[in-house]
Each structure stands twice: as structure tokens, then as C-alpha cells.
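S.K.: This is the structure, below, for whatever I ask next.
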Amino acid sequence: MKHVSVLLEETIDLLNVKPNGNYMDGTLGRGGHSKEILKRLENGRLTCFDLDLQAIDESKAILNDERVCYIHDNFAAFDKYFEKASLDGILLDLGVSSPQFDDGKRGFSYRYDAKLDMRMDQTEPLSAYDIVNGYDKDDLYRLLRDYGQEPYAYKIASEIVKKRSEGAIE
């Protein structure tokens, strides 16, 4: 299935790409936004970040452009790579991409009977399976409350611990 970037033209128009500018796509995904930025660049540069190595590999084939630098890291670490003042624009399309949901092995979707995973960065050792089956109730509660803003965090954490007493949650 071909990935379609949402609000592509509108987003790139608002970025107001300068032909010789220096841009950052902090969430490369499958390269839809980056491809449009490159169409508007002449001698400029584009630096693309993504935690998903599969997304980087697929985008390299799509973009195939020497003006692009690919970085396997979180966009939040961009200051390790260059000065903010050297950028003419930053694009962030946050969230999980449809190809991640469409691949059952990634463990993001309820549509597939697959082991919990949910790692954006597949090189990271800790998966959702490890968390759900390994964290104690207090840690699960804090995770759900603090990162998920879940009002029923304690009840959910209690139910997870209760359910896994019957066996691993797959």
C-alpha cells in the first residue's frame, strides 16, 4: 500500500522553502514531505531524522538525492548535529505512520494477532511486551498516568497485573 502524506501541499507551502535553504524533516517516515521539500530546493540541504530504520531505508530509495542527510535518531537530539540558527525551517509530522500500523509484526495494530512490540526504533531492546509483562503495578500506573494521561491508570495497571498472573500477555 502506498503511503500518502496528509495535507502535503499545504504543509510545504507554509514551510516556505528557500531554494538554497537548510531544512530539517524531523519525522522522515516514508519521505513524502521530504520529496516535496527537495522539489523546491536547488542548492539547499535537507537533514532527515527517524527512529525507524525501515522508514529510512525505504525513503533513501524514494528520494535518491545527494542533498539529503539521514540520521537514525530522535528529532529532539537535533542540536547534537547542527546549530538551530543554521536552519531555515523544521518540519515535524508527529505520530505513528500508517506503514507501521499496516505491518502486523510491528505490534502497533489490533488488526493482527502479533506479539506486542510498538517500538518506533527496532534497535531498542525494550518492547511493549517487556513493559506489560515485566513492570510492577506501580511502574505501570506511573507510565499510564504520566505519559498516557490516563484517568483510569491505576485500575488498568491492576487489571494488567491480574491478567498476567494467568500467563504472559501477548
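S.K.: What percent does the relative contact order of the chain come to when contacts are Cα pairs within less than 8 Å and at least six residues apart?
M.R.: Rounded, it is 17 percent for the chain.
S.K.: Leaving out ligands, DNA and RNA, what percent of the accessible area of the chain is carbon and sulfur, probe 1.4 Å?
M.R.: 53
S.K.: Okay, next question. Around Cys69, which amide H atoms from residues at least 5 apart in sequence, or from another chain, sit under 5 Å from its own amide H, with H modelled in the peptide plane?
M.R.: Leu46, Thr47, Cys48
S.K.: For the chain, report the accessible area per residue in Å² (1.4 Å probe, heavy atoms, rounded to an integer). The partial results should precede the final answer.
M.R.: Values: 10660 Å² over 170 residues.
I get 63 Å² per residue for this part.
S.K.: Round to the nearest 10 and report in Å² the accessible area of Thr47, as given by a 1.4 Å probe over the protein chains' heavy atoms.
M.R.: Around 10 Å² of this residue is reachable by solvent.
S.K.: With the chain treated as a Gaussian network of Cα nodes joined by springs under 10 Å, which of Leu92, Leu28, Leu14 yields the largest mean-square fluctuation?
M.R.: Leu14
S.K.: Is it possible to state the helix-based mean residue ellipticity at 222 nm for the chain, with each DSSP H run of 4+ residues giving -39500 (n - 2.57), the sum divided by total residues, to the nearest 500 deg cm²/dmol? What is it?
M.R.: Result for the chain: -10500 deg cm²/dmol, rounded to the nearest 500.
S.K.: Okay, moving on. Per-residue accessible area for Glu42 at 1.4 Å probe radius, Å² rounded to 10?
M.R.: Answer for Glu42: close to 120 Å² accessible.
S.K.: Quick one: net charge around Leu28, please, counting Lys, Arg +1 and Asp, Glu -1 for every other residue with C-beta under 10 Å from its C-beta.
M.R.: -3
S.K.: While we're looking at this one, here's another question. Out of Ser98, Ser86, Ser34, any idea which swings most in a Gaussian network model of the chain, alpha carbons joined below 10 Å?
M.R.: Looking only at Ser98, Ser86, Ser34, the biggest GNM fluctuation is shown by Ser86.
The values are calculated or read from the model by the stated rules, or taken from the named source; none is laboratory data. Note that the coordinates shown come from a computational prediction; the quantities given were computed from them, not determined experimentally. Please note: Cβ atoms are built from the backbone with ideal geometry, for glycine as well, and neighbour counts cover all protein chains shown. For the accessible areas, the whole protein counts, side chains as well, though only heavy atoms, and no ligand, DNA or RNA atoms are used. Shrake-Rupley method; radii C 1.70, N 1.55, O 1.52, S 1.80 Å.
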